[in-house]
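Derivation of every value follows stated rules applied to the coordinates shown; laboratory data play no part. Because the structure is a prediction, the values reported are computed rather than measured. Note that we place each Cβ from the backbone using ideal geometry, even for glycine, and neighbour counts take in every protein chain shown.
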Amino acid sequence: MTGTAAYLHRIGLDRALPPTLGSLRLIHRHHLAHVPYENLAIMLGRPPSVDPQDCLARVVEHGRAGYCFHQNGALEVVLRDLGYAVERRHGHVWTDESQRFAGSLNHLVLLVTGLPTDANPDGRWWVDVGLGDAFLEPLPVVEGEHVQSGFRYTVSDVTPDGWSFRHDTAGSFTGIEVSTLSTEPAAVLASHAELSSPPDGHFAQLLVVQRREATGVDVVRGCVRSRVEATGTTQTTLETYDAWRAALTDELGLSLDDVAEDDLQALWERCLVAHRAWVEAGRP
C-alpha cells in the first residue's frame, strides 16, 4: 500500500473518500490527531526534505512530517489525488505587530475551492494541518469570527488573493497574512533552509511538539508539557528523561520508530540545559 491509500490508513481512514466538504473535514481532523506538528528531525540535526512527495512518504512510513511546509505539503498531494481543487498561498506568521507585514515566507497555506455552502457561498476553505495549535477543521474564507472548540479565530480583509487571520488569544502566535507571493519550490526550499539552520533558525531553537484534538491542544515545548483549552492552560515540568519521552510518545502520539535512543537521550539533555537556563533567567 503506497501513496494516498497508505496515508489514509496511517491516519485511521481505511476507505476511499469522495472529494466532498464532509470528507475534507474528516481528513483534517484525522491528520491532526495522528500526525503531530513537530521539529524533531531538525533538532536532531537532520532537517527533512520539503518535497511534497518526500513529506507524504514520511507520514506513511513513520507517522511524522515536520512543520508547516512538510505537513501541508503532504496533505496537498493527497487532496489533489482525491480530486479536490487545491491552491497554494503564501503565509506570513507573526507575533509582534511590527512583524505583521514583513512579508517573509514562513508558512504554507492551502486553499481548497469549489465546495459552496449556505454560510460559505464562494466555496473557499482554508485547509491547514501545519499550524500546530489552531483550527480543528477547515476554516471558511469568510470574514468574521469562527468558533471551534471554544477557540475564537478571526478572518478579515478577504480578497481573491488572500486574507488576514487572528489567532485565539490562547494561541502560540498572533496572526497570519495570506497572499499570492511566491510559494514555488525554490522559495519554499530557501525559506526552509533559513528556518531550520542553527543557530538562528526558528525551528532549530527548541523542541516543539503539538497535537490538536477535539477539545484542545497538547504541547511539549522543551521540558514543559502544556494542555491548552479555551477555558485555560495547564503546565507541568517534565523533570526526567522517562517522563519527557512518555509525554512525546504516549500523550502526544509522536512516532520514534526511526530515532536511536542515544540520539533522543542527547536531545533530552540539551533540552534540560536550555530549560534550566530559561528558569534561571526568570522564564522570559
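For the reader, a short list of remarks on this structure follows.
- Measuring r between the beta carbons of GLU213 and ARG283 and using R0 = 35 Å, the FRET efficiency lands at 0.85.
- Axis angle, to the nearest 10 degrees, between helix 68-82 and the longest C-alpha principal axis of the chain: 40 degrees.
- Label-to-label distance, nm, for residues given as THR249 and ARG221 (7 Å Cα→Cβ offset): 2.6
- Relative contact order, percent, the chain [alpha-carbon distance under 8 Å, six or more residues apart]: 18
- Long-range amide H partners of VAL224 with built H, under 5 Å: LEU238
- Shape analysis of the range 200-284 places it in the oblate category; the axes a ≥ b ≥ c from the Cα gyration tensor give an a/c of at least 1.5, with a/b not above b/c.
- Available extension along the chain between GLU143 and GLN205 is 18.8 nm, counting 0.36 nm per residue and deducting the alpha carbon span.
- Full extension of the chain between ALA187 and ASP242 yields a length gain of 15.8 nm, computed as 0.36 nm times the residue separation minus the alpha carbon distance.
- Using a simple spin-label model with pseudo-atoms 7 Å out from Cα toward Cβ, ARG46 and GLU269 lie 1.9 nm apart.
- Taking other residues whose beta carbon is less than 12 angstrom from the beta carbon of GLU76, and scoring Lys, Arg as +1 and Asp, Glu as -1, yields -1.
- Put a dot 7 Å past the Cα of GLU97, heading toward its Cβ, do the same for SER156, and the two dots end up 1.1 nm apart.
- Take the Cα of ALA230, go 7 Å toward its beta carbon, and the backbone nitrogen atoms of the range 134-175 under 11 Å from that spot belong to 146-153.
- Only the Cβ atoms of Lys and Arg (+1) and of Asp and Glu (-1) were treated as charged; on that basis the dipole of the chain about its Cα centre amounts to roughly 240 debye.
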